[in-house]
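Here's the structure we're looking at; comments come further down.
The values are calculated or read from the model by the stated rules, or taken from the named source; none is laboratory data. Note that the structure is a prediction, hence the values are computed from the model and not measured. Every residue, glycine among them, receives a Cβ derived from its backbone with ideal geometry; neighbour counts consider all protein chains shown. To get the accessible areas, we keep the full protein, side chains included, count just its heavy atoms, and leave off ligands, DNA and RNA. Shrake-Rupley method; radii C 1.70, N 1.55, O 1.52, S 1.80 Å.
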Amino acid sequence: MTAGKNRLESGGRIDRAQHLTFQFDGETMSGHPGDTLASALIANGVRVVGRSFKYHRPRGLMAAGGEEPNGLVRLRTGGRAEPNVRATDILLYEGLVAESQNRWPSLNFDLGSLNDRLSPLFPAGFYYKTFMWPANMWPVYEGVIRRMAGLGRAAETPDPDRYEKQYAHCDVLVVGAGPAGLAAAQWAARTGARVILADEGAEFGGALLGKAEEIDGGPALAWVAAIRGELAEAENVRCLPRTTVTGYYDHNALTMLQRVSDHLAEPEPGQPRQRLWQVRAKQVVLATGALERPLVLANNDRPGVMLAGAAQTYINRYGVRPGQKAVLFINNDSAYPVALDLARAGVKVAAVVELRAQAPLGWLSRLDEAGIEVMADRAVVAVEGKKAVSGVRIGKLNAARDSLVGGMGRRIDCDLVCLSGGWTPSLHLLSQSGAKLLWDAAAGCFLPGPIDQTAAQAVRVVGTANGGGNLQDCLDLGAEVGNSAANAAGHRRRGRGPRSPKAATTPDETPILPIWSIPQNGTSKAFVDFQSDVTAADLHLAAREGYRSIEHVKRYTTTGMGTDQGRTSNINALGIVAGALDVDIPEVGHTTFRPPFSPLTFGAVAGRRIGPLLDPVRRTPMHAWHQANGAVFEPVGQWLRPYYYPATGENMERAVNREVLAARTSLGIMDATTLGKIDIQGPDAAEFLNRVYINGWKGLAVGGCRYGLMLGEDGMVFDDGVTARLAPDHFHMTTTTGGAAHVLDWLESWSQTEWPELSVYCTSSTEQWAVASICGPNARRLMAELCPEMDLSGEAFPHMTWQSGTVAGIAAGIEARIFRIGFTGELSYEINVPAGYGPALWQAIMGLGEKYAITPFGTEAMHVLRAEVGFIMIGQETDGTVTPHDLGLGRMVSSKKDFLGKRSLTRADTMREDRPQLVGLLTDDPMIRVPEGAQFIAGSDASPPQTGLGHVTSSYYSPNLDRTFALGLLQGGHGRHGESIHIAYDGKAVRAEITVPRFLDPGEAAK
Amino acid sequence: MLLLACPWCGPRSEEEFSCGGEGHIVRPLASAEMDDAAWGDYVFMRTNTKGVHYERWCHANGCGRWFNIARSTTTNEILAVYQVGDNKPELPK
């Protein structure tokens, strides 16, 4: 075990009394509670933490927070393994196991690094131009590229942990718990408003955690602790550390990912790993801070090159020394305190290289006292070293800062290079909210544009996200905006307005000197986007090749397209592209920020909706009987329906054939409960049906049933079913199983919006009734025993009528509705009883049916039976492009009334003679069953290209016919009965006779 | 995720609603006399407004009632909520 050789003697927000062991790439190391994996790796002297995406260059940690582009690891093992996690976000726990990514065979020796030397082959857009030709080789190239490039591996086994979702409402959501966010939350909370304060870090304090600031004469972190205590005690405040606000959607709806257990080896009992929050906030205060930019210069990706603020955070927050000898290269004031902190931590600061002509005098004297040399009007023009920084070259730039004066200058030995190219306000969420960002040329960054507080998104921005660099400004504005946001949400505090604490003063600021890339004399790679391996040269190439919009440059070069969404690279890339095109940055525009701000796990997105909880399952009251009798089930919408009932040793084919034969020769029974049922009542019910069905309903007598078709206004069939008249003002409508909800919505929408003058009420009654459908020559005999009080003669109870009765043997006095309708063409009865009596009804029928060898049949036998007699199946014979005429049901269309979709039936296109029309098909070889979906072709040669003339919609084997048969939609099919057609599939063509779509006639027995 | 004020149930999240598209499209009564183009315009054509859009919504996973709203397609601001059958409301300037 290596000790923390870079651990400072004291300082940092770590618990030195406790030791945590962890493994990185198989090596056991030690850290402390309070460490991140990143700080612990630095403490243990690890410099190379990963290989880069494209060139496989060795990379070290560049940042200390969520903007880290290089330090992506695979965390944990087995089902809990998670790829592409930022080492800077991982809180250390005992037994942590992490692995570096994108290297083979090892981090130290990686074959893929050959790519770096072959880099002339991998310019910007290489993916699009190098490997596209010849086209048939692409699958080979793609395989190689995907192996060489890419990030981590996903887990191979299921994740054992639980993920949850939670909804919340609040008056003020404060995003970010740095100084401005804490002040905002404090003063919003003091009005009594319901406040949520979310921060992605484990601890509140934001940037203060990494600095040695003072507030009210004491350590800033004491002030943080005081507010933290006040907020924790307030009942109206919810504090959420380790919670990243990931998306900002319409009307102040935001999503937050709370990493409940990611800081532990395993979640504690009863706890989820992560929780995805959906928050609706009346007011949002964004205190999202700012991210430091690196400077783009030759070999700026060598391990040991780090953002200045990150180096400061490693020292102050984690008590680790990121190097022994440092050079700082800066163009703004923010890194001067870093130089002092480094020196105080025992790091030798060899030089501060200041791009600006004159270093700020206040800081100059402080650094002078510390014995640190400041080299003004100079630039670091190259970093030297390979697996670690060994030194830098200092040069002088010309006045335009686009070339070197006097070549590569003095070399300084160092193992740490701290870069500060300025700060980019973190405005991803603001941009997602729809607010505009405006370029501030002096500050060298985008700032919030004017926000219209009357708009749907009530959002305010404070702190460094708002461009305020000074701690006092952050505290003042945070307090004021927290208070005013609460006021806007309807909460007001009596007495004096908010008061801010006093921050220690810093010397006056000297303006930043923005620069987007440092010129060099060679061709070394100067990285802009470290994670996607995009260099300044790639961006220049894209500009030379004619790309003008930053959105196109982004996609072509992949800059900003990594998991960090270009946190450290976007502004530098914009600046370089604008320079190459010789336009101002606003003309290039900025890329669109889209949620999520940070990667979300699939687990969090899915929450509890996995496995059996993915979707509700609907079961009929008779489900248990089906199960006990060996049914194989088929999902139909959310319903589970018996598919077929195999007897011992039977396969599906034999079971279905047996069921089909039984229904035609003796007696079959099917559970028809799932058919949609809608109860329609009201004085205008018949008129209403007249308008939604293509056929007439006013003449239907009470006790009668009628088959109806519904069309969309485009004239296309979308549902069918039998509807019965229960009373003059009362109908019982049935729909397809899958279409029931849609039909009810359809009826409601017309009744409410277009025909409010019709007095009619539609109620779903699908679940109210259990339905057994019996059919076959013995159906009437069985009914005579089941309902002995009923006259079942053809005259008294004819086809397409219904009667009310009672069923012998199940609770006396319970009304059964018996419909003489079916879907098989056989003598059929559909017996409806209140749902709870379904099992009893089923048992009764099965008992009485024993002497007829009653056979339960499933949906597959039902399909065969209905197709034999040419009944259409919605969704099989129809696909949203089929009219009643196409189905041969034109005779149903009423000429006496208007109905939904009627006018569309006489459009020129719907009247074409050559539309695909429903036909029957009998293959020459009676044992060939053509696949559904197979195309009709003109000749007998199936070789491509072909013009499709339609397709097979249903295809079965019929044990009654002892041959196969099919239905299909064939162009001009109604006029082609008796002709033959070829059906193409699997490269062959099968000849079939075109027939009427009806293959079997049950005859008088069914009447 | 819009926040829509159902006239019967109050403000609810968009996921409880279904959008019925453009409002104030009246179903023609004398459709038999219409030519194909005019009927096609009713069935298929909708405006693609930048600015105020009058549209129909149904509180599908709630009370099931339809209502109309005026919404800005650029800012998603809901400018009015009103009953089916009402005329387009006067909007504040």
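Heavy-atom surface analysis with a 1.4 Å probe gives region A:616-857 a carbon and sulfur content of 55 percent of its accessible area.
Residues of region A:253-294 that bury at least 40 Å² of accessible area once all protein chains are present, compared with their chain alone (1.4 Å probe, heavy atoms only, ligands and nucleic acids left out), are A:ARG280. Taking region A:300-328 and a reference point 7 angstrom along Cα→Cβ of A:LYS387, the backbone N atoms nearer than 13 Å belong to A:303.
By the Cβ-Cβ criterion of under 4.7 Å, the unpaired cysteines of chain B are B:CYS19, B:CYS58, B:CYS63.
Calculated FRET efficiency, A:SER10 to A:THR157, Cβ-Cβ distance, R0 = 35 Å: about 0.20 to the nearest 0.05. Label-to-label distance, A:ARG963 versus A:ALA647, with points set 7 angstrom from Cα along the beta-carbon direction: 2.8 nm. Got a sec? Charge dipole of chain A, +1 on Cβ for Lys and Arg, -1 for Asp and Glu; which of A:PRO612, A:LEU477, A:THR648 is way out at the positive end? My answer, from the dipole projection, is A:LEU477. Placing a label point 7 Å from the Cα of A:ALA168 along the Cα-to-Cβ direction, no residue of region A:578-598 has its backbone N under 11 Å from that point. Applying 1/(1 + (r/R0)^6) with r as the Cβ-Cβ distance of B:GLU15 and A:GLN453 and R0 = 30 angstrom yields a FRET efficiency of 0.70. Projected label points at A:ARG912 and A:ASP729, each 7 Å from Cα along the beta carbon direction, are separated by 4.7 nanometres.
With the whole protein complex present, A:MET927 retains an accessible surface near 110 Å², based on a 1.4 Å probe. The label point for B:PHE44 and the one for B:GLU22, both projected 7 Å from the Cα toward the Cβ, are 1.4 nm apart. In chain B, the calculated helix contribution to ellipticity at 222 nm averages -2500 deg cm²/dmol per residue, counting -39,500 (n - 2.57) for every DSSP H run with n ≥ 4.
What region A:297-421 shows is 32 Å² of accessible area per residue, with the surface traced by a 1.4 Å probe over protein heavy atoms. The distance linking region A:315-347 with region A:32-95 is 21 Å (Cα centroid to Cα centroid, whole angstrom). Interface residues of region B:39-85, defined as a loss of at least 10 Å² in heavy-atom accessible area between the chain alone and the complex of all protein chains with a 1.4 Å probe, are B:TRP39, B:TYR42, B:VAL43, B:PHE44, B:ARG56, B:GLY64, B:ARG65, B:TRP66, B:THR75, B:ASN76, B:GLU77, B:VAL84. Extension gain for A:ASP440 to A:HIS19 (0.36 nm times residue separation, less C-alpha to C-alpha distance): 146.8 nm. DSSP bridge analysis restricted to the protein assembly as shown gives an antiparallel fraction near 75%, rounded to the nearest 5.
Pairing chain A with chain B buries about 2200 Å² of accessible area. This figure sums both sides and uses a 1.4 Å probe. For region A:515-583, the fraction of C-alpha pairs farther apart than 20 angstrom is 18 percent. Over chain A, DSSP H runs of length four or greater, each weighted -39,500 (n - 2.57), average out per residue to a 222 nm ellipticity of -6000 deg cm²/dmol.
With all protein chains present, how much of the accessible area of chain B (probe radius 1.4 Å) comes from carbon and sulfur, to the nearest whole percent? Heavy-atom surface of chain B belonging to carbon and sulfur, 1.4 Å probe: 51 percent.
Tell me, what % of the accessible area of region A:194-333 is carbon and sulfur with a 1.4 angstrom probe? Here carbon and sulfur together make up 46 percent of the probe-accessible area.
Separation of region A:459-479 from region A:405-456 is 16 Å, based on Cα centroids. Here the protein assembly as shown is assigned +1 on the Cβ of each Lys and Arg and -1 on the Cβ of each Asp and Glu. Its dipole about the Cα centre then comes out at about 2380 debye. For region A:297-421, what class follows from the C-alpha gyration tensor (a ≥ b ≥ c being the square roots of its eigenvalues): rounded when a/c is under 1.5, otherwise prolate if a/b is larger than b/c, else oblate? Here region A:297-421 falls in the oblate category. Pairs with C-alpha atoms separated by more than 29 Å, drawn from the list A:LYS165/A:LYS211; A:LYS396/A:LYS502; A:LYS282/A:LYS436; A:LYS677/A:LYS902; A:LYS348/A:LYS554; A:LYS211/A:LYS396, are A:LYS165/A:LYS211; A:LYS396/A:LYS502; A:LYS348/A:LYS554; A:LYS211/A:LYS396.
Projecting the Cα atoms of A:LEU887, A:ALA727, A:ILE42 onto the charge dipole of the protein assembly as shown, computed from C-beta unit charges around the Cα centre, puts A:ILE42 farthest toward the positive end. Screening chain A for whole DSSP H helices with an alpha carbon extent of at least 18 angstrom along the helix axis and a mean Kyte-Doolittle hydropathy of at least 0.0 yields A:220-233, A:471-488. The alpha carbon gyration tensor of region A:428-535 gives principal lengths a ≥ b ≥ c with a/c of 1.5 or higher and a/b no greater than b/c, which makes the shape oblate.
From the alpha carbon centroid of region A:948-1007 to that of region A:658-731 is 27 Å. Accessible area per residue for region A:616-857 is 37 Å², calculated with a 1.4 Å probe on protein heavy atoms, without ligands, DNA or RNA. For region A:750-765, a decrease in accessible area of 40 Å² or greater in the assembled protein chains relative to the isolated chain, with a 1.4 Å probe, applies to A:GLN752, A:THR753, A:GLU754.
Which of the three applies to region A:832-967, rounded, prolate or oblate, going by the alpha-carbon gyration tensor with a ≥ b ≥ c and a/c under 1.5 meaning rounded? Judged from the Cα gyration tensor, region A:832-967 comes out oblate (a/c at least 1.5, b/c at or above a/b).
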